Amino acid sequence: MRQIIYTVALLAIMGMIGLASVLLIGKINDDATTIGQRTARNNEARAMSAKKNVAIFIHEGVELLDFAGPGEVFVAADSTRAFNVYTVAASAEPIVSQGFVTIKPQYTFANCPLPDIVILPGGRTDVPLNNPSVIQWIQHTAQRADVMMSVCTGAFLLGKAGLLDGREATTHWKSLEALKESAPKTTVRENRRFVDNGQVVTAAGVSAGIDASLHVVDKLLGREVAEKTARYMEYKWVPET
């Protein structure tokens, strides 16, 4: 009888040890999964923080290639590893580009990530020029951004924000004279794909925004990355020496 009691007790102890082992292994696995998930999230966050933020400002009537061209360049640069590209607008309402493409802005001025690079496309630039919040946002972001880049008549936004004073600039060939009148403190250059003033870069019309964007990539990441980006886009890029 005593031996039976001992046997039952021994089996009970072994059962508890087995259960504890199962629970412990399960906890270890759960902890490992949690740690793995946390590590993946941290790695993703570090990767995102290592990218420069590129804010592409869009507005009603924005010229399609003015923003899509630079967007393609910065997204493709360094196999998508270099930049975090997003659209931003004065409001969250959808906008229409060239009468047939509807775009929902990803962010507004109130909630967009702080940009390192700002792209200001042209098109119906009269719309944002008459919105004081747009000019204020441009002035505010220029205080910390590495690059403020306009395409086509987006140069008028830089001019109204006071960022072209004492600098050189260009715009679409049809708007050169108008830019001279609206920005009398600016030296307006003709027959230039883009003009680089350091922080402020202005591109001529439409496809010239691609050249200016590749130039910015060249400055930030080097000629090899810029050339690979142009090659990926099958774009015949002639860099300035």
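Key figures
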| item | result |
| --- | --- |
| Charge sum, other residues only, whose C-beta stays under 11 Å from residue 146's C-beta, Lys/Arg counted +1 and Asp/Glu -1 | +2 |
| Of 51/104; 51/219; 104/185; 52/104; 174/236, pairs whose Cα-Cα distance is over 26 Å | 104/185 |
| Cβ-defined net charge surrounding residue 224, 12 Å radius [Lys, Arg +1; Asp, Glu -1] | 0 |
| Relative contact order for the range 52-232, counting Cα pairs under 8 Å that sit 6 or more residues apart, in percent | 22 percent |
| Added length on full extension, which subtracts the Cα-Cα distance from 0.36 nm per residue, residue 224 to residue 96 | 42.5 nm |
| Cα-projected label distance for residue 50 with residue 232, points at 7 Å along beta-carbon direction, nm | 1.5 nm |
| Packing rank of 125-135, 229-239, 149-159, where each peptide gets the mean count of other beta carbons within 10 Å, highest leading | 149-159, 125-135, 229-239 |
| Computed over the range 89-241, the ratio Rg/Rh where both radii use C-alpha atoms and Rh is Kirkwood | 0.96 |
| Computed lengthening from residue 144 to residue 165, 0.36 nm per intervening residue step minus Cα-Cα distance | 5.7 nm |
| Within straight-line cross-link reach of residue 228, aspartates and glutamates at Cα separation under 14 Å, skipping those fewer than 8 residues along the same chain | 72, 78, 211, 218 |
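Read the figures in this text as sums done on the coordinates, not as results from a lab. For clarity, every value in this text was computed on a predicted model and none was experimentally measured. Note: ideal-geometry Cβ built from the backbone for every residue, glycine included; neighbour counts use all protein chains shown.
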